[in-house]
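Remarks on the structure that follows.
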Amino acid sequence: MSRNYYIGADIGGSHISCAAVDILNGEIRGEIQKIYVDCNGSSSEILKSWETAILDTVSRNKEENILGIGIAMPGPFDYEKGISFIEGVQKYDSLFGLNIREALRFVSNEKKTDSVFINDASAFALGEYHAGAAKGSRKALIVTLGTGFGSTFLINGEIQQTSSDIIPENGYLYNIPFGKSIADDYFSTRWFVYRWKEKTGLDISGVKNIVQHASEGDKNALDLFKEFSDNLAEFIFPWLQKFNPDVVVIGGNIAKASGFFLEDFKNTLDKKGTLNTQVKICELWDKAPLIGAAMNVGSSLNRQEMGDKIEWRKTTQFLAPEKSTVSHQGDYDIYPAFPVGTGKIKEGVEALADWIAQHEQVVIDGYVGVFWEQLVESINIELNKKGKKAYWHHISAAMRPLNEINEMVAPFLGGDDPVFGKITDKKLIDWFDEDKLKKIKPVATDGINILVGCGAALAGWNVPLIYVDLPKNELQFRMRSGMVTNLGVDKPEDNRQMYKRFYFVDWRVLNEHKCNLLPRIDLVVDEQRPDKILMMSGTDLRQGLTAMSKNFFRVRPWFEPGVWGGQWIKSRIEGLNKDTSNLAWSFELMVLENGLMFESDDFRLEVSFDFLMYNNYKEVLGDCAERFKYDFPIRFDFLDTFDGGNLSVQCHPSNEYMKKEFGMSFTQDETYYILDCKENSRVYLGFQKNIDPEEFHKILVENQEKAKEVDIEKYVQKFAAKKHDLFLIPNGTVHASGKNNLVLEISSAPYIFTFKMYDWLRLDLDGRPRPINIEHGMKNLRFERQGKRVSEELIAKPEILKEDENCRLEHLPTHPEHFYDIYRYRFENEIVIENNDKCHVWMLVEGSSVILETRSGMKQRFNYAETFVIPAAAGSYKITNEGKDKALMVKSFVK
């Protein structure tokens, strides 16, 4: 009966060693295969040598069951993803940025083989734990003394990397301050070389020379080893006290001279205090990394299997299907799409691999949040099926260190503020080391060279370009499940901090990069369904965007629950997941958050809304194009409080405050259009007469500090809300929707700049207090908006501009501070509109459906409560009522 083995491989500076290792006891089966490697050769030459060694070891053990390959690699290296970061050391420089895991995935032609990577020092430690000097221990500290000072903390065979009071960050001791510098300078070969030169004035090549002198009784050599042992004991004793390991195992080339320092080291430790720790020299030596790398495979694959079970998107709402058909007349369509003709959209990674296989070199750039590892693996498998070898280069290898990135973005993150930062002025190139970018080159000639990752196009390869996009809602769902990180960050943070960094930093630089790439994208990929990706050519994308810009578009809405959320959206809109407590928002038209869907053969490929603005902002915006450029100026969204709760009492910043504090070009001036409501519903708006600002401030602070309820109606007015009322909320106005309203917010585009000042003593859906912004609010509140002035100035009074048998046109005047206006049409049959170089945003607020016909002859149905846009370039257009009763529509546009 065959037994189960892992292949262990140890990558050295000039060789690779391989062996089969029994997964039960860590014993090596048969001989160790050792092959010379030209570490300065090309990537294909180096990989060929490694493949030969691994394949030969597999062949020698072909009667056994090989379950995986473990590889001990020197650093720097991304061990989780298998990407080499080694450069500038005259060893393996040609591998810089290369995905070694994917390069070796098919090393055995019989099946794909998973390769698991581990740091060579950590592999040494695991080898000693499973089959050497640390075997049977619960807690062990393994140190290696050689060209550098390595350390690994183990608990029950698990490598400890999370910093704590007893374990340094990543388990690294080398960078801990000691003496006049750091530990690595004292417990490595170069210390011996340096100190010998100081003592004798002579140059030596390494510790071997000093061992020879010590063997001959040379006092300088013996004193040097004594000094070394004293230093090591002084440095490591506090860590032994904290960690209290069962055993300390010493390995590395210096350990071979243990006869000259080990007993002194032990005696010095004993003098410092009582420890229940054995001190041993390693037993396995060069075999340890092989065994450790092999035994790491099982635990790594187990962690991977556990990770596969983690929910990869956290939301109650369904993933958009790859195919959908238009909704029935009168039914709100949650997956609207613009038609681009038949045969334009392809499905599946097989189709993507077919496209890539036609090229020798390809760049795959894309957005943060894309599952790059899964995408690369799936494409590589398909390319292999086609007999194509791929070399995957990762742009992440050229990223600047995390500490530098964090320092760079810190000024834009607002410190500990959970919501607000300032729009960055950085460029995506600032995340990268430009010298390292130049080192990522398509060098292999026996396969396809593919450069992949956020910012891949910055490396300057002049080759076909694929762009992988991800809708913002899906990015946030992945963020909430802990599956994605911010740009250049290796681990997820708190969701609020991550979103803030996305909004003020990552999205800004990535959107600008996307804008720059758009004219030369050859293929765009929608990755929101990792197992069912969709793609279309860059030419079809740009032509589709241009057609939109001259006819109409409707963004794909998405829906979110909230602590005050209601039941109207949930009960009235089909296709949503009803298994949710409420739905508070429908994001109907928000530049930064929504996507646009294209339709071909019922496929629904989605790209971000900003693609349209980058490609056709002039056609979309018309007379205000240069004023707003890529920032679509108007926002539509629903606030649903039916059978829910009140919104927080809040206000929005002035234009000046918005620019100074947050770097935004214009502020969040809003209106509430009451699309539906129950009896006795209310809107909070403006202050009571003779409001005392100091008293209001004091009571809000008291509420925040002592969780004391506020009689808010003592300070803020409350008005009855009726269907089709319009409440005006220019910046600085205190306001809130009461419960039992469906509010259509017609607003300027910004949307997170809400200063909540009172939130009814409730927690958010995550169980944490919602962020309260009293001081921001107090700096922006317009206390003169009080008493009668509120009803006179902040509740719109409709004016009839035109009326005949078919149509009544009303003006719903907005506030002078609003840069947009609102018209309302009630008509029986049809209306013809000349847009006069203006972009119009529409919604049917009463009726079942209408048919839009543009000047170019395109027709599209829009149903009740759907938001749609007629770009300025559309010129004239006709809207026909399909319902039995008169249609009522609202239109907003820039004044």
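The values are calculated or read from the model by the stated rules, or taken from the named source; none is laboratory data. Quick caveat: nothing in here was measured; it's all calculated off a predicted structure. With ideal geometry, Cβ positions are generated from the backbone for all residues, glycine too; neighbour counts draw on all protein chains shown. Keep in mind that these areas ignore ligands, DNA and RNA; they rest on the heavy atoms of the full protein, side chains included. Shrake-Rupley method; radii C 1.70, N 1.55, O 1.52, S 1.80 Å.
Restricting attention to region 29-65, the residues that are open to solvent by 40 Å² or more (accessible area, probe 1.4 Å), assigned to a helix (DSSP H, G or I) and β-branched (Val, Ile, Thr) total 1.
Might you check whether a residue that is in a helix (DSSP H, G or I), under 22 Å from Val563 (Cβ atoms) and in contact with a strand residue (DSSP E or B) (Cβ under 8 Å, 6 or more places away or on another chain) occurs anywhere in region 704-712? Yes, region 704-712 contains at least one residue that is in a helix (DSSP H, G or I), under 22 Å from Val563 (Cβ atoms) and in contact with a strand residue (DSSP E or B) (Cβ under 8 Å, 6 or more places away or on another chain).
Restricting to region 805-836, name every residue that is in a loop (DSSP other than H, G, I, E, B), charged (D, E, K, R) and under 19 Å from Arg635 (Cα atoms). Passing the criteria: only Glu817. Checking the conditions here, which among Phe587, Phe642 is open to solvent by 10 Å² or more (accessible area, probe 1.4 Å), within 26 Å of Leu763 (Cα to Cα) and within 23 Å of the chain's Cα centre (by Cα)? So the residue among Phe587, Phe642 that is open to solvent by 10 Å² or more (accessible area, probe 1.4 Å), within 26 Å of Leu763 (Cα to Cα) and within 23 Å of the chain's Cα centre (by Cα) is Phe587.
Of all the numbered requirements in (1) in a helix (DSSP H, G or I); (2) open to solvent by less than 10 Å² (accessible area, probe 1.4 Å), Glu694 misses one, and that requirement is (2). If you go through region 527-549 and keep only what is β-branched (Val, Ile, Thr) and either in contact with a strand residue (DSSP E or B) (Cβ under 6 Å, 6 or more places away or on another chain) or exposed (fewer than 15 other Cβ atoms within 10 Å of the Cβ) (or both), you end up with Ile533, Thr539. State all residues of region 753-766 that are modelled with pLDDT under 95 and closer than 17 Å to Gly732 by Cα; if no residue qualifies, say none. Correct list: empty.
Do the conditions hold for Pro401, that is, is it under 28 Å from Arg768 (Cβ atoms), out of contact with any Cys (no Cβ under 8 Å at 6 or more places or on another chain) and open to solvent by 20 Å² or more (accessible area, probe 1.4 Å)? Considered against the rule, which asks whether it is under 28 Å from Arg768 (Cβ atoms), out of contact with any Cys (no Cβ under 8 Å at 6 or more places or on another chain) and open to solvent by 20 Å² or more (accessible area, probe 1.4 Å), Pro401 comes out as no. Is region 647-664 home to any residue that is of a type outside the set (Lys, Arg) and over 33 Å from the mean Cα position of the chain (by Cα)? Looking for residues that are of a type outside the set (Lys, Arg) and over 33 Å from the mean Cα position of the chain (by Cα), one finds none in region 647-664, hence no. Only residues that are open to solvent by 40 Å² or more (accessible area, probe 1.4 Å) and touching a helix residue (DSSP H, G or I) at 6+ places or on another chain (Cβ under 9 Å) were counted in region 664-691, giving 3. State which residue is most open to solvent (accessible area, probe 1.4 Å) when the search covers only region 324-340 and only residues that are over 18 Å from Met858 (Cα atoms) and not polar (S, T, N, Q). Among them, the one singled out is His328. Residues satisfying the criterion are absent from region 173-184 (criterion: of a type in the set (Gly, Ala, Ser), under 14 Å from Ala257 (Cα atoms) and in contact (Cβ under 8 Å) with a residue 24 or more places away in the chain). Among residues of region 22-34 that are over 13 Å from Asn296 (Cα atoms) and at pLDDT 90 or above, those with a Cβ under 6 angstrom from a residue that is of a type in the set (A, V, I, L, M, F, W, C) and open to solvent by less than 70 Å² (accessible area, probe 1.4 Å), sequence gap 6+ or separate chain, pair up as Ile28/Ala19; Ile28/Val21; Arg29/Ala20; Ile32/Ala19; Gln33/Cys18; Gln33/Ala53. Residues of region 791-804 that are aliphatic (A, V, I, L, M) and either at pLDDT below 95 or in a strand (DSSP E or B) (or both): Ile795, Ile800, Leu801.
Would you confirm whether or not region 658-677 contains a residue that is touching a Ser or Thr at 6+ places or on another chain (Cβ under 8 Å), more than 30 Å from Glu846 (Cα to Cα) and part of a helix (DSSP H, G or I)? Within region 658-677, one or more residues are touching a Ser or Thr at 6+ places or on another chain (Cβ under 8 Å), more than 30 Å from Glu846 (Cα to Cα) and part of a helix (DSSP H, G or I).
Applying the set (1) open to solvent by 50 Å² or more (accessible area, probe 1.4 Å); (2) within 30 Å of Lys219 (Cβ to Cβ); (3) over 40 Å from the mean Cα position of the chain (by Cα) to Phe192 leaves exactly one unmet item: (1). The condition of being in contact with a His (Cβ under 9 Å, 6 or more places away or on another chain) and open to solvent by 50 Å² or more (accessible area, probe 1.4 Å) holds for only one of Lys438, Lys427, Lys422, that being Lys427.
Take the residues of region 256-286 that are among the small types (Gly, Ala, Ser) and either surrounded by 18 or more Cβ atoms within 10 Å (Cβ to Cβ) or under 15 Å from Phe237 (Cβ atoms) (or both): which is modelled with the lowest pLDDT?
Gly273
Taking the criterion of being within 15 Å of Thr325 (Cβ to Cβ), of a type outside the set (D, E, K, R) and open to solvent by 10 Å² or more (accessible area, probe 1.4 Å), the only residue of region 597-614 that qualifies is Phe603.
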